[in-house]
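The values are calculated or read from the model by the stated rules, or taken from the named source; none is laboratory data. Note that the coordinates shown come from a computational prediction; the quantities given were computed from them, not determined experimentally. Positions of Cβ are backbone-derived with ideal geometry, glycine not excepted, and every protein chain shown enters the neighbour counts.
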Amino acid sequence: MSAALLLSSCGLYNKYERPTVDTEGLIRDPLSPTDTLAVAPQDTASFGNLPWRSVFTDPQLQQLIEQGLERNSNLLNAALTVQIYESMLKAAKLAFLPGIALGSQQPMGTIATLHTSPSVETKSYSIPVSASWTIDLFGNILSQKRSTQMQLLAFKDYQMAVRAQVVSGIANSYYTLLMFDEQLRIVKEMSKMAKETWNITQQQFNLGRARANAVHSAEAAYLSTLTQINDFERQIRATENALSLLIGQPGQQIPRSTLAEQSLPDEFAVGVGVALLQNRPDVHNAEMELASCFHDVQTARSRFYPNITIGVSAAFTNNNGGLNPGKWLTSLFGSLTQPIFQRGALIAGLKSSKLQYEQAFNTWQNTILKAGNEVSNALVNYNKYDDNAKLENQRVEALSKAVDATISLYHSKGTTYLEVLTAQTQLLSAQLALATDDFNKMQSVVSLYTALGGGGK
């Protein structure tokens, strides 16, 4: 159902109903260029439904996430925003109750003489009190309250979205550190071998068995490894600082395990239908904004109708001393306010609210498409990086066998030690690439978990 068609059926006191949305073909199959994943109407086993502790099982990572959920400034501000709108909603609910107030004048008292025999002086006083109640006959107050309710739900979704971002951001930064640690370890081993290669080449040059260009090339290779070490150390420090900011503390060293110790789920039930609509905070947030605009339209319509107010005024008075110590004087009144000369402004306001609803509808639809796009990208990334990791593992195994064979040849005088170093360096290069692929696969799992609405639990 289009936004325009939905609005055309709107009447006063109507409840918001979700417009029809088609999720068929929303998620591309990562293994097929043309097929799409089937939409599960109810998939409670969706990967996105898992609590973050079931996905990120590293104890040190869990401790960092818990700290971030307690201290992250963006998450704290999101919680305060929710509290603000809770107060606004409370005020909107109180609008249904009558208003009672003392009169604008202060209670007054006077001294009077009662003409009796004998004469008696008495004090008379009056306390004005008034009450009024606006009858919500045409849904003005109700629509405003419902709009505020939707806004509150939207900000609660925003809070959950920030929470999910904090969880995924901490996890990604943590895995990045583990990758850099592993790559730094490998590059340091490569640097040792490059230094040894340079020394051997220099010795061969001194014996007339190598050319000068070989010596210079070996030196350059060694210096290149030193540059890589500096780069990794710089990136580690920068990542530690960024992660420290996420968990709400000054930049400092982050306690952590190793890349080889990590374990993440490798089977996923994506549940794209209901899971995307219910779990993802941004999708639900966009729909709550749509619902809020829906009620704003009804509020704008209600302004064309009269405003009916019933009021009661009363005064407690004592004006004749002992004959009648005091009494209440009450009066009931009603008022009807009909906008006459504001029709142009009211029409413009209604048109504006309808256009805002159309915008919210388009935003909601695009958010759903964006969610499907993110899930599709995360699935294909995980599958491709998983394939790359398997290939790199095979490459590492092959190069390990090559190193063993080269060492055997060296012991049998069949080759030189320089060839041994070359074989070991090639192995380390493959291990370096494998560390990157392992990280990319982990990052894809985090992205898929977030795309399916996980991380907020």
### Task
With respect to T239, determine if the residue is closer than 30 Å to G169 by Cβ, β-branched (V, I, T) and part of a helix (DSSP H, G or I).
yes
### Query
Of everything in segment 254-275 that's assigned to a loop (DSSP other than H, G, I, E, B), at pLDDT 80 or above and touching an Asp or Glu at 6+ places or on another chain (Cβ under 9 Å), which residue is surrounded by the fewest Cβ atoms within 10 Å (Cβ to Cβ)?
S263
### Message
Any residue that is modelled with pLDDT under 55, among the hydrophobic types (A, V, I, L, M, F, W, C), over 24 Å from L26 (Cβ atoms) and over 15 Å from the mean Cα position of the chain (by Cα) - is there at least one of those in segment 296-307?
### Response
no
### Task
Restrict the check to segment 164-180 and report whether at least one residue is out of contact with any Lys or Arg (no Cβ under 8 Å at 6 or more places or on another chain) and closer than 20 Å to T416 by Cα.
no
### Task
Among the residues of segment 188-207, write down those that are among the small types (G, A, S) and under 9 Å from A218 (Cβ atoms).
A194
### Query
Across segment 171-222, which residue is farthest from D438 (Cα to Cα) among those that are surrounded by fewer than 20 Cβ atoms within 10 Å (Cβ to Cβ) and among the acidic types (D, E)?
E219
### Query
Could you count how many residues in segment 374-395 are under 17 Å from the mean Cα position of the chain (by Cα) and without any contact (Cβ under 8 Å) to a residue 12 or more places away in the chain?
0
## Note on the structure
Checking S217, S244 in turn, the sole residue that is under 23 Å from T450 (Cβ atoms) and among the small types (G, A, S) turns out to be S244
